[in-house]
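Everything below concerns the one structure shown next.
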Amino acid sequence: MTDAMFRVLVVEDDAGLRLLLRTLLEAEGFRVSLAETAARAQVEVRANRPDAALVDLGLPDRDGVALIRDLRRFTRLPIVVLSARTQEIEKIAALDAGADDYVTKPFSAGELLARVRAALRRASPPTPGEGEVLVGPLHVDVARRTARTADGPVHLTPLEFRVLECLLRDRGRVVTQERLLREVWGPDQADTRGLRVYVKSLRDKIEGDPARPRLLLTEPGVGYRLAEGE
Ligand code: CA
């Protein structure tokens, strides 16, 4: 899923900032809708179901915190608060009311976009596309020979991919070292040390903490197993 599919609602009464935010978000491929009041924001959320909202706390018709509380009655959409430094107490109140995160004005473009992307990621972990297999946080597209985690694409060498593919075919079951060697490198291969090198580099790429693997598990003295996953 690319960011281009995400729609972000910007709730901000300052016209200059509203347009700046729109420009920033659109440049990143988001589709943007705008609201300058809390009332308009409610309408937008109900009518257009954005994927995330950026909400200024100081709105002309209502307090941004009250708006967030109202939105939380019917939607779980990720909400990132835009707050001025003077609104420290309101910022906490906004988080209590159900906001996901906040950005303090003045903010940098990079920080704002990172917060929006993180909020979107938490709200909607990517669903596997057609032909994709999900192993915990790892998505494997066997046909395209690509893999990715929540952090983005994982670049696997052809041999690493074949090791992964072989484990994937018997997911949840132990695959012996001998079988992995035979299927990936061909008959008469006995280089288990070489196999361990590939397993290690695979883990470095797909595991959150390679020292404590949760996806590619070792069955001591026998072989390896790919976790069943959720
Ligand atoms: Ca304002």
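Of Gly152, Gly194, all but one fail to be at positive phi and open to solvent by less than 60 Å² (accessible area, probe 1.4 Å); the exception is Gly152. Counting residues in the stretch 113-131 that are within 15 Å of the chain's Cα centre (by Cα), in a strand (DSSP E or B) and not β-branched (Val, Ile, Thr) gives zero.
Kindly evaluate Val175 against the criterion of being farther than 20 Å from Gly131 by Cα, among the hydrophobic types (A, V, I, L, M, F, W, C), open to solvent by 40 Å² or more (accessible area, probe 1.4 Å) and touching a residue at least 40 places away in the same chain (Cβ under 8 Å). So Val175 does not fit the description; no.
Applying the condition of being open to solvent by 40 Å² or more (accessible area, probe 1.4 Å) and at pLDDT 95 or above to the stretch 23-45 and asking which residue is nearest to the ligand (Cβ to nearest atom) yields Glu36.
When restricted to residues that are under 19 Å from Ala99 (Cβ atoms) and either touching a residue at least 40 places away in the same chain (Cβ under 8 Å) or charged (D, E, K, R) (or both), the stretch 19-35 contains 3. Looking only at residues of the stretch 178-191 that are open to solvent by 20 Å² or more (accessible area, probe 1.4 Å) and in contact with a helix residue (DSSP H, G or I) (Cβ under 6 Å, 6 or more places away or on another chain), we find that the one that is modelled with the highest pLDDT is Glu183. Hey, does the stretch 61-73 have a residue that's without any contact (Cβ under 8 Å) to a residue 24 or more places away in the chain and either open to solvent by 10 Å² or more (accessible area, probe 1.4 Å) or within 16 Å of the ligand (Cβ to nearest atom) (or both)? So far as the stretch 61-73 goes, yes, one or more of its residues are without any contact (Cβ under 8 Å) to a residue 24 or more places away in the chain and either open to solvent by 10 Å² or more (accessible area, probe 1.4 Å) or within 16 Å of the ligand (Cβ to nearest atom) (or both). Listed conditions (1) assigned to a strand (DSSP E or B); (2) polar (S, T, N, Q); (3) crowded, with 16+ Cβ neighbours inside 10 Å are all met by Thr104, apart from (3). With the condition kept exactly as written, say whether any residue in the stretch 7-14 is within 16 Å of the ligand (Cβ to nearest atom) and under 27 Å from Asp151 (Cα atoms). Within the stretch 7-14, one or more residues are within 16 Å of the ligand (Cβ to nearest atom) and under 27 Å from Asp151 (Cα atoms). Taken over the stretch 197-217, the criterion of being free of Cβ contacts under 8 Å to residues at least 24 places away in the same chain and open to solvent by 70 Å² or more (accessible area, probe 1.4 Å) is satisfied by Val197, Lys200, Asp204, Ala211, Arg212.
One residue alone among Val55, Val80 is within 12 Å of Ala99 (Cα to Cα), away from the ligand (no atom under 13 Å from the Cβ), outside any helix (DSSP H, G or I) and not small (Gly, Ala, Ser), and that residue is Val80. If you filter the stretch 80-100 down to residues that are of a type in the set (Asp, Glu) and in contact (Cβ under 8 Å) with a residue 12 or more places away in the chain, you find that the one that is surrounded by the most Cβ atoms within 10 Å (Cβ to Cβ) is Asp100.
The values are calculated or read from the model by the stated rules, or taken from the named source; none is laboratory data. None of these values were measured; they are calculated from a predicted model. All Cβ positions, even for glycine, are placed from backbone atoms using ideal geometry, and neighbour counts span all protein chains on display. Accessible surface areas use protein heavy atoms only, side chains included; no ligands, DNA or RNA. Shrake-Rupley method; radii C 1.70, N 1.55, O 1.52, S 1.80 Å.
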